[in-house]
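Below is one structure, written out as C-alpha cells; the observations come after it.
Values quoted throughout were computed directly from the atomic coordinates according to the rules given, and no laboratory measurement underlies them. Keep in mind it's a predicted model, so treat the numbers as computed, not measured. Quick reminder, even Gly has a Cβ in these numbers, built from the backbone with ideal geometry, and neighbours come from all protein chains shown.
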C-alpha cells in the first residue's frame, strides 16, 4: 500500500500515487496546493478536466473558446470577475498534463479537486 494515501480517502492502493497541483484565484490572490491520487482517481481527474487540457505545442485548450468561456463548476458563462484555475497532473506513464480554465468567484472547485487539508 502507498505510504501516503490517496486524498479521496482510505482505500486499498498497492501502487504509487500521482501528484496533482492546483492553483486558482486572481492576480496576487492565488491559492495553491498539492493533491495525491491513486491511479484510478487521477484518471477521474483527467476525465473531468479533458476539455480544458492545454496543448503543449501551441498553448491552446482542447475545448477551445467555448470551454474557456464557461465556469468549471457550474457550466454557466463566466464574467470578468471569474478566477483562473491552473491544474498540473502527473499521470501514470505519461508526461505532465496542464489544464487551464475559469471559475466563478462564488462557485467551488469540483469535489475531487478540493484541498482536503484546509
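Could you work out the relative contact order of the chain, using alpha carbon pairs under 8 angstrom and six or more residues apart, expressed as a whole percent?
On the way: 217 pairs, mean separation 29.9, N = 118.
Normalised by residue count, the contact order of the chain is 25 percent.
What is the order of 115, 98, 29, fewest Cβ neighbours within 10 Å to most?
Working: 115 14, 98 17, 29 8.
Result, fewest neighbours first: 29, 115, 98.
Have a look at the chain and give its Rg and Dmax from the Cα atoms, expressed in angstrom.
When restricted to the Cα atoms of the chain, Rg and Dmax are 14.5, 45 Å.
Can you sort 78, 87 so the residue with the fewest Cβ neighbours within 10 Å comes first? Please report the intermediate quantities before stating the final value.
Values: 78 19, 87 25.
The order, fewest Cβ neighbours first, is 78, 87.
Among DSSP beta bridges whose residues both lie in the stretch 18-113, state the antiparallel percentage, nearest 5.
Working: 25 of 26 bridges.
Just about 95 percent of them are antiparallel.
Please work out the FRET efficiency for the pair residue 34 and residue 55, using the Cβ-Cβ distance as r and a Förster radius of 22 Å; give the result to the nearest 0.05.
Details: r = 24 Å, r/R0 = 1.09.
With a Förster radius of 22 Å, E is 0.40.
Note the full-extension length gain between residue 23 and residue 108 as 0.36 nm times their separation in residues minus their Cα-Cα distance, in nm to one decimal.
Numbers: separation 85, 0.36 × 85 = 30.60 nm, distance 1.30 nm.
My answer for the length gained is 29.3 nm.
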